[in-house]
Structure formats: structure tokens, C-alpha cells
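Some notes on the structure that comes next.
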Amino acid sequence: MYTFRHWHATMEYHRTKDIIHVQKRLGHKRIENTMIYITIEQTIFQQVNDEFVCKVASSKEEATNLIEVGFDYVTTFNGEMYFKKRK
């Protein structure tokens, strides 16, 4: 069970880059206990860059198509929806 917990925490940190989010998700009281996932993530993904492909959708259909191919919703600005996906 702990192997899955560590894997999940590492992947969650990699996806969000938010250690506080991971801390709360795991129920850790001390941030030091959660910081190990930063080290694990950096070791596993040392060759992965943090570059993204960004797309804008003006309609529900466009947004649906982007989500179906793996884009993540970021925000809405001036009526347009912005999405990103790692390169």
C-alpha cells in the first residue's frame, strides 16, 4: 500500500508542482515529511522539461476536443478557455 501511496504522491506533485496540495492530500502534519516527494519527482523526471503546448477554445466543442486529446483546462479570459498540455 505504501508503494502506491508514494507513487501517487510523486505523480501528484509532478502534475501540480504544489507541495502544500500534496501535503493536505496525504494528511501530513509536517511539510518535511512531504518534501521527500520533490526529491523523488526530480530524480524520476530529471530529463522532462516543463514546456507546454497552449491552446485556446472559443466553444464547448473545441474545449471538448482539447480535453479528449489530453489538454488540461487552465482559465477563462474574455470568454475564451485556455488549455495546456506538456510537450
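Every number in this text was worked out from the coordinates using simple rules, so none of it is lab data. All values reported here derive from a predicted model rather than from experimental measurement.
Structure values in brief
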| item | result |
| --- | --- |
| For the chain, alpha-carbon Rg over 2.2 N^0.38 Å | 1.33 |
| Subset of 17/85; 55/87; 17/60; 60/85; 60/84; 17/84 violating a 23 Å alpha-carbon distance limit | 17/60 |
| Net lengthening on full extension, residue 6/residue 38 (0.36 nm per residue, minus Cα-Cα) | 10.4 nm |
| Relative contact order for the chain, counting Cα pairs under 8 Å that sit 6 or more residues apart, in percent | 23 |
